[in-house]
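Here is the structure we will look at.
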Amino acid sequence: MAVPHTKTALKAMLLARGRRPTRLRGQHFLVDPNLVDAIVRSAGVGRDDCVLEVGTGSGILTDKLIGPAGCVVSLEIDRELLEMTRQARDWPAHAILLEADVLRRKHQLEPAVLERWRAERDARGLGSLLVVSNLPYSVATPFLANLLWEGVEARDVVVLVQREAAERFVAVPDTAAYGPMSVAVALLAEARILRRVPPQVFWPPPKVESAVLQLTPRDPARARELRAAGLQDLLRKGFAHRRKTLRKAFGAELLERAGLDPGARPAAVEPEGWVRLLRAGA
């Protein structure tokens, strides 16, 4: 047997088990081997990397990652699908396919997953943690947000996500997409969209475009410090009414101490302006 790398092979594997993609879980399987190769190349996967993959799916990306990587920890919450993928080929010892959810709750990663990922790295004497995934749309933003805010020491993150979500991650002030996630990324990572991806690379094809997003975390210690100080909660409060002025949420005196215009709207505030507002006592 072999991991399915085409739509025809994937359909055959699922049909043999009486399965179809599950709409409830938003399953859109990647069926473009060339894109998979490009993602692995973009991530610069090497023998010193312990890779975390969120969403094993059919195993098409996992199958490509295990060649260059020192270790791959791949997570899948669909038990039956995971069993099919485990049986699709003889997986080497450095491929760890787990039934697990990467999120404990909306605003927290699953600690057991992080512990296993780090333990596999340490047990093999590897040097770095790396995230490479075709992320399920529903988990993309909370997973990436928590990865940054919790200060996880990944050397790089290369993921396939919905294009709209990717644009929020790289948005700048005074644009419609700019929001709490944009601020977090600007403060905590380097971010860029590597390529746009049409729906046809998936089966079944989604109704939206996707994008390959790269995030390179800057300073995990600063991320943990800012989160502990309350910046994540401050951003939620500040953008809760993005069409209203900052004065409505924080008051003119506090804003003036932070050097911010009380008449400005949240989308006009530069990322470091939110840090100043936090330091001013917000």
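A short reminder: the numbers here are calculations on the coordinates, not readings from a lab. Note that the structure is a prediction, hence the values are computed from the model and not measured. All Cβ positions, even for glycine, are placed from backbone atoms using ideal geometry, and neighbour counts span all protein chains on display.
Side notes on the structure shown:
- Prolate/oblate/rounded call for the range 7-225, Cα gyration tensor, a/c under 1.5 rounded: oblate
- Neighbour counting of Cβ atoms within 10 Å sorts the residues 39, 193, fewest neighbours leading, into 193, 39.
- Dipole check for the chain: with +1 at the C-beta of Lys and Arg, -1 at the C-beta of Asp and Glu, and the Cα centre as origin, the magnitude is about 860 Debye.
- In percent, rounded to a whole number, the relative contact order of the chain is 16, using alpha-carbon pairs under 8 Å and six or more apart.
- Nearest-0.05 FRET efficiency for residue 9 and residue 196, computed from C-beta distance (R0 25 Å): 0.45
- Among the trypsin sites (Lys or Arg not before Pro) in the range 107-210, those located in a DSSP loop and surrounded by at most 13 other Cβ atoms within 10 Å of their own Cβ are 207.
- Of the residues 130, 229, 263, the one whose Cα sits farthest toward the positive end of the charge dipole of the chain, with +1 on the Cβ of Lys and Arg and -1 on the Cβ of Asp and Glu, is 263.
- Note on the chain: antiparallel DSSP beta bridges, both residues inside, total approximately 45 percent of the bridges counted.
- Assigned charges on the beta-carbon of Lys, Arg, Asp, Glu; the range 230-279 dipole about Cα centre (debye): 280
- Net charge over other residues, Cβ less than 12 angstrom from the Cβ of residue 217 (K, R count +1; D, E count -1): -1
- The chain: angle of helix 7-16 to the longest principal axis, Cα-based, in degrees nearest 10: 70
- Crossing angle, helix 33-43 versus the chain [Cα axis fit, 0-90 degrees, rounded to tens]: 50
- Helix-derived mean residue ellipticity, 222 nm - over the chain, DSSP H n ≥ 4, -39500 (n - 2.57), to 500: -11500 deg cm²/dmol
- Order of 64, 248 - criterion: other Cβ atoms within 10 Å of each residue's Cβ, fewest first: 248, 64
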